[in-house]
1. Do the conditions hold for F53, that is, is it closer than 20 Å to Y183 by Cβ, in the same structural domain as G199 (by TED's automatic domain parsing) and more than 16 Å from the chain's Cα centre (by Cα)?
2. Any idea how many residues of the stretch 63-86 are assigned to a loop (DSSP other than H, G, I, E, B), more than 16 Å from the ligand (Cβ to nearest atom) and buried (at least 20 other Cβ atoms within 10 Å of the Cβ)?
3. Which residue out of A58, A50 is within 14 Å of the ligand (Cβ to nearest atom) and without any contact (Cβ under 8 Å) to a residue 40 or more places away in the chain?
4. Could you tell me whether any residue of the stretch 113-136 is surrounded by fewer than 18 Cβ atoms within 10 Å (Cβ to Cβ) and touching a helix residue (DSSP H, G or I) at 6+ places or on another chain (Cβ under 6 Å)?
5. Among V145, V159, which is the only one that is among the hydrophobic types (A, V, I, L, M, F, W, C), surrounded by fewer than 17 Cβ atoms within 10 Å (Cβ to Cβ) and assigned by TED's automatic domain parsing to the domain that holds F121?
6. Taking the stretch 91-111 on its own, how many of its residues are under 17 Å from S68 (Cα atoms) and in contact (Cβ under 8 Å) with a residue 40 or more places away in the chain?
7. Tell me, which strands (runs of 3 or more DSSP E) lie completely within the stretch 87-146 with 1 or more residues that are of a type in the set (S, T, Y) and either within 17 Å of the chain's Cα centre (by Cα) or away from the ligand (no atom under 11 Å from the Cβ) (or both)?
8. Return the residue satisfying two criteria in turn: it lies in the stretch 1-43 and is away from the ligand (no atom under 13 Å from the Cβ) and part of a helix (DSSP H, G or I), and of such residues it is surrounded by the most Cβ atoms within 10 Å (Cβ to Cβ).
Amino acid sequence: MADAMKIAVIASGRGSNFEALASACRDESYPARIAILLSDNPGAGALAVADAFGIERAVVDCGPKKGSMSPESSSLMASLCVERGVGLVCLAGFMRIVKGELMRAFSGRMINIHPALLPSFRGLDAQRQALDYGVRFAGCTVHFVDDGVDTGPIILQRVVPVLPDDSVESLSARILAEEHVAYPAAVRFVAEGRVRIDGRRVRILDDN
Ligand code: GRF
């Protein structure tokens, strides 16, 4: 597809959501292509996934401070994306809060996936938070990234039941399967130009 939207994925770990996006992008008719995979972690499984798919990848040292990124790393990630004509940045298990130049350059063009039904259970260990709270339903959320942690406007959510004997592992696996459907679907909406942010609400045009 000539006019497919170029996306960048940023991942710190395993990379299964990145893999779901990479698989979707292999379909000729899918409206996005992955230009680059960025990671702050030289040991990230996502790097091996990039190699398996033949996707360019780069490791960017984001500094020693856990959960945050240095201004230099933010600028470097932003320029790597801009140089490649990236139209959408997809965070997929990036374990740092985005700020600085990357945030400025891609404001309104950066999305994240979170393993909970936001606004419940923001931040770390969302699946454990859901289990501990005793909710009957859990799920995942794809949302725009803003200055807060897991607070931006919601594009889509998928729901799973919480079963009586669930462990963190079993619930996480059930949610993860839905993440792998939700993320490619959300990227498709954005890449097709069908997503409008209207205050806190996100409108998907021509959604049947
Ligand atoms: C996923 O559960 C995602 O929702 C969260 O981090 C995890 C990343 O998993 N933000 P993977 O690296 O995509 O397998």
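The values are calculated or read from the model by the stated rules, or taken from the named source; none is laboratory data. Small disclaimer: the values here were computed from a predicted structure and weren't measured. Here the Cβ is made from the backbone with ideal geometry for all residues, glycine too, and neighbour counts use every protein chain on show.
1. Values: closer than 20 Å to Y183 by Cβ: yes; in the same structural domain as G199 (by TED's automatic domain parsing): no; more than 16 Å from the chain's Cα centre (by Cα): yes.
No.
2. Residues of the stretch 63-86 that are assigned to a loop (DSSP other than H, G, I, E, B), as a first pass: 63-67, 69-70, 84-86.
Narrowing further to those that are more than 16 Å from the ligand (Cβ to nearest atom): 63-65, 70, 84-86.
Now drop any that are not buried (at least 20 other Cβ atoms within 10 Å of the Cβ), which leaves 86.
Residues that pass the stated criteria total 1.
3. Numbers: A58 fails: within 14 Å of the ligand (Cβ to nearest atom).
After applying the criteria, what remains is A50.
4. yes
5. Values: V145 fails: surrounded by fewer than 17 Cβ atoms within 10 Å (Cβ to Cβ).
Just a single option satisfies the conditions, and that option is V159.
6. Of the residues in that region, 10 qualify.
7. Working: elements: 88-91, 110-114, 137-144.
Output list reads 137-144.
8. C25
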